[in-house]
Amino acid sequence: MLNREFGMNTKIIASLFVVIVITALGLYSVTISANLQNQHLIVSTTTSLYETGLLDVLKTEFESQYFNINVSFISQGTGLAIQTAMRGDADMIVVHDTARELAFLEDGYGVNRKVIAYNFFIVVGPVGDPAGIRSMSPVEALTQLKHAGETGLIQWVSRGDDSGTHAKEKRLWAAAGFDVEDLREMSWYLEAGSGMTATLKLTHEKINAYTLCDMGSYLNNYAHGNIDLEVVVEEGKDTLNVYSAIANNPEKTELVTANFEASMKFLEFLISDTCQSILADFGTDDFGRPLFNPYISLLENNRDSDTVQWIQDLAYFDGTECPEVYRYNAANIYE
Amino acid sequence: MIDLTIIEAFQEAFRLIITADPEVFSIVTRSIYISGLATVLACVWGIPISVLVGLYSFPGKRLLRSLFNALLGIPTVALGLTLYLLWSRSGPFGFFHLLYSPLGIAIGQSILITPILVSFASSTLGSIDTKIKDLAKTLGASDFQISLTIIRESFWEILLSITASFNRAFAELGVAIMIGGNIRYVTRMLTTSIALETARGDIPFSIALGIILMVIVLSITLIINYFRKD
């Protein structure tokens, strides 16, 4: 009896010991991770940018230049990414939705917007292209898809998650003269309500389905063998996809940001030659072509190209990427 | 096609374990310590509550018990979202700086698993109650001594409910992703990596991580059950 009690007590003491060790280790690692870096910069960004792995490469390069700044990325759909920054839970945003970026500036949340990169959205669909939209313009293609959908020939898969890609899709439907609210009621118009990869896989599983996609996600999933969809509508002015970075406004009281300087360092890094050349190469090893195109180097080397004109038409406000009133101590990043 | 992916996934899981892939290793240890911390926290308040609910009778006990049983089904995302709004820099408790921190995830998970711990542990204590209580009483034990004896008698069952709570914390996604934000090297855990790799389209890697998660959960439970026999 006594022995048994003793054994049980030993066990209880042993378990207590384990518990204390785990707690100590936990608290120790929490303190370590908090003290190791002086500044902790949080960048709120979109899934299409993060899921390619590009940002992890940029993080490594940036932190080797500024060893006292630790960058973290929170990746969400553009809508949520902007909301996170508006709540003050991120120090800056890197997103791709011009309209909402302007609102972010106008409402006083953001300052110092810079256009950093671009690529193109594409329409992908089943091999053989049953709707016959190959090499049409995006607007013609959507009109044709609607007709084909109504006859039951094809289905359209929408992201349906308020992401930048979803916003682009809605604008394209509007440009073709249709109201998305009406389309949503139709049986051939499906809403995935999830990220790009999940939406692509849904499109792949459905019979004769098409969707709008960014080039990076398409190449990535195609290379992984997740989908055998084909690109049916290629790049053009209407499918331009422009990524910009905006810092949180240090004077907006709700934002409680203490990292304005760090976010400006990261912004300057994004438009630096080092970063722009990483952008130009990223993806070539895996996909045989880059996933993003650097904008700053395009401006420097080929200012008169159509693409520059398209970007300025689409993603500039009154002829500038960031109107004077939304600039904050940033003469160095604007020419 | 599907079979191939699963075979590939097992090969990948095997490779990751054999080579002790540094990033995967750090993700696994981070998951274990965050969920471990959550379990410890849950025990700090969960065990006293279980003893109270399991061994003592007081007004409102039935209600409290039902409440904990109902909370067993709390959606992790809803809990994560609520805590997110409370801990947001612009929220009422923003000054704690718990958002996007490992400690924040641990606290969130401890709240999530408290009902599991309390429901399991209190019903274990309650079931042993009558026989031992009578015996101890005839031997002249005080109320406190009786409680202590019952806790000792049900040691392994309580340990099992603690393990079940840990497993739940270890395998949940909602709190980890809403509170932690899946930041690489800081708050990236097994479940958030699985979600990310699935979103990235690397299906074999996701399943491999899932296999690692299952192996850990299963091993812990098996080890506890093994020692329990003696």
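FYI, it's all coordinate maths here, none of it is from the lab. Bear in mind the structure is a predicted one, so any value in this text is a computation, not a measurement. We place every Cβ from the backbone using ideal geometry, glycine too, and count neighbours over all the protein chains shown.
Distance between the 7 Å Cα→Cβ label points at A:Leu102 and A:Phe178: 2.6 nm.
Fewest-first ordering of A:Tyr218, A:Tyr316, A:Tyr334, B:Tyr33 by other beta carbons within 10 Å of each residue's beta carbon gives A:Tyr334, A:Tyr316, B:Tyr33, A:Tyr218. With a Cα cut-off of under 16 Å and a minimum spacing of 8 residues unless on different chains, the lysine pairs in chain A number 5.
Taking every residue in B:86-92 and counting other chain Cβ atoms within 10 Å of its Cβ, the average works out to 4.
Sparse packing (at most 10 other Cβ atoms within 10 Å of the Cβ) combined with a DSSP loop state is found for the following GluC sites (Glu not before Pro) in segment A:89-191: A:Glu185.
Of the beta bridges DSSP finds with both residues in segment A:120-239, what % are antiparallel, to the nearest 5? If we restrict to bridges inside segment A:120-239, about 55 percent are antiparallel. Cross-link partners for B:Lys61 among the lysines, with Cα-Cα distance under 27 Å and sequence neighbours closer than 8 places in the same chain left out: B:Lys131, B:Lys133, B:Lys137.
Note on B:Leu222 and B:Leu86: with the Förster distance fixed at 35 Å, the Cβ-Cβ geometry gives a FRET efficiency of about 0.40. Per-residue Karplus couplings for segment A:173-179, computed as 6.51 cos²θ - 1.76 cosθ + 1.60 with θ equal to phi - 60°, are listed in order as 4, 5, 5, 7, x, 10, 9 Hz, Gly and Pro entered as x.
Shielding of peptide B:50-57 by partners, expressed as the average count of other chain Cβ atoms within 10 Å per residue Cβ, is 0. For peptide B:191-202, how many partner chain Cβ atoms fall within 10 Å of a residue's Cβ, on average? Mean partner-chain Cβ count within 10 Å for B:191-202: 5.
Dipole check for chain B: with +1 at the C-beta of Lys and Arg, -1 at the C-beta of Asp and Glu, and the Cα centre as origin, the magnitude is about 680 Debye. Each label point was placed 7 Å from the Cα along the Cα-to-Cβ direction; for A:Lys237 and B:Ala78 their separation is 5.0 nm. Put a plus charge on the Cβ of each Lys and Arg, a minus charge on the Cβ of each Asp and Glu, and nothing anywhere else: the dipole of segment A:120-239 about its Cα centre is then about 120 debye.
So how far, in whole Å, is the C-alpha centre of segment A:207-230 from the one of segment B:77-126? Between the Cα centres of segment A:207-230 and segment B:77-126 lies a distance of 38 Å. Shown here for segment B:161-230: chymotrypsin sites (Phe, Trp or Tyr not before Pro) in loop regions (DSSP other than H, G, I, E, B) with at most 16 other Cβ atoms within 10 Å, namely B:Tyr185.
Annotation: the antiparallel percentage among DSSP beta bridges lying fully within the protein assembly as shown is about 55.
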